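**Student:** Below: one structure in structure tokens.
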Amino acid sequence: SIYYISSDTDLDLDGNGLPDDVDADGTNAGLQYALETWATDQLNGLPTGDVVLYLCDHGGDETFRMSGTETLDAATLDGWLDTLEAGIDGQLIVVYDACESGTFQDVLASSGRTVITSTSPGESAYFLSTGTVSFSNFFWTQIFNGEDLADAYNFASTAVAQAFGAQNPLVNFDGDSNMN
């Protein structure tokens with residue numbers, strides 16, 4: 001199940017001719033609802049309780065731009081993720097691709113969480129050729145091809161290092177605040 005949040009609520013992602021693919025406007029309230037209510041409702045009774053949160057837009061020092069008028073700080077997101085984790089049995093995986101995304105690592109590190117960021121603190125994230133040359137594209141292509149998180153992360157990290165040089169992704173697979 002996917003809960004898709006975007007400021008462009010008229011998207012037709014499945015090509016059915018209807019703008020019915022965006023579940024909520026790109027707001028803090030929309031993301032909070034998705035994490036604290038919708039996700040746990042979706043997982044009720046399912047054999048897996050894993051949740052993946054993917055964030056991609058503009059970032060700053062411990063901030064994420066939800067829309068042109070609203071930002072989300074890392075501490076607030078961490079609180080929502082704590083609430084989510086209390087209601088699920090599985091693993092929580094956060095993938096964040098934006099400038100300064102690495103500043104979320106220490107804030108979001110928690111026992112059992114996997115946090116993947118496309119940059120280290122103080123770095124820009126690059127999206128070339130309409131995003132086809134980006135951490136996200138390299139990472140998600142590997143996931144879609146059946147690779148596990150570690151292999152997909154390693155591939156994407158190597159690819160952005162070769163493409164950009166100044167973008168150094170980070171990962172924390174076990175929530176211990178040590179980047180692996």
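**Student:** Here's a check for you: in the range 85-118, which residue that is hydrophobic (A, V, I, L, M, F, W, C) and surrounded by fewer than 20 Cβ atoms within 10 Å (Cβ to Cβ) is modelled with the lowest pLDDT?
**Tutor:** It comes out as Ile88.
**Student:** Now for a separate question. Any chance the range 103-113 includes a residue that's among the polar types (S, T, N, Q), assigned to a loop (DSSP other than H, G, I, E, B), over 28 Å from Asn137 (Cβ atoms) and in contact (Cβ under 8 Å) with a residue 60 or more places away in the chain?
**Tutor:** yes
**Student:** For Thr69, indicate whether it is open to solvent by 60 Å² or more (accessible area, probe 1.4 Å), hydroxyl-bearing (Ser, Thr, Tyr) and free of Cβ contacts under 8 Å to residues at least 40 places away in the same chain.
**Tutor:** So Thr69 passes the test.
**Student:** Take the residues of the range 1-39 that are aliphatic (A, V, I, L, M) and farther than 16 Å from Leu55 by Cβ: which is least open to solvent (accessible area, probe 1.4 Å)?
**Tutor:** Among residues in the range 1-39 that are aliphatic (A, V, I, L, M) and farther than 16 Å from Leu55 by Cβ, the one least open to solvent (accessible area, probe 1.4 Å) is Leu11.
**Student:** Okay, next question. For a quick check of your reading of the model, give me the residue pairs whose first member lies in the range 79-90 and is touching a residue at least 40 places away in the same chain (Cβ under 8 Å) and within 9 Å of Val51 (Cα to Cα), whose second is charged (D, E, K, R) and open to solvent by 20 Å² or more (accessible area, probe 1.4 Å), with beta-carbon atoms closer than 6 Å and at least 6 apart or on different chains.
**Tutor:** Pairs found: Gly90/Asp50.
**Student:** With the structure loaded, tell me whether Gly17 is within 24 Å of Leu92 (Cα to Cα) and not hydroxyl-bearing (Ser, Thr, Tyr) or whether it fails that test.
**Tutor:** The answer is no for Gly17.
The values are calculated or read from the model by the stated rules, or taken from the named source; none is laboratory data. Just so it is clear, the model here is predicted, and its values are computed rather than measured. Here the Cβ is made from the backbone with ideal geometry for all residues, glycine too, and neighbour counts use every protein chain on show. Accessible surface areas use protein heavy atoms only, side chains included; no ligands, DNA or RNA. Shrake-Rupley method; radii C 1.70, N 1.55, O 1.52, S 1.80 Å.
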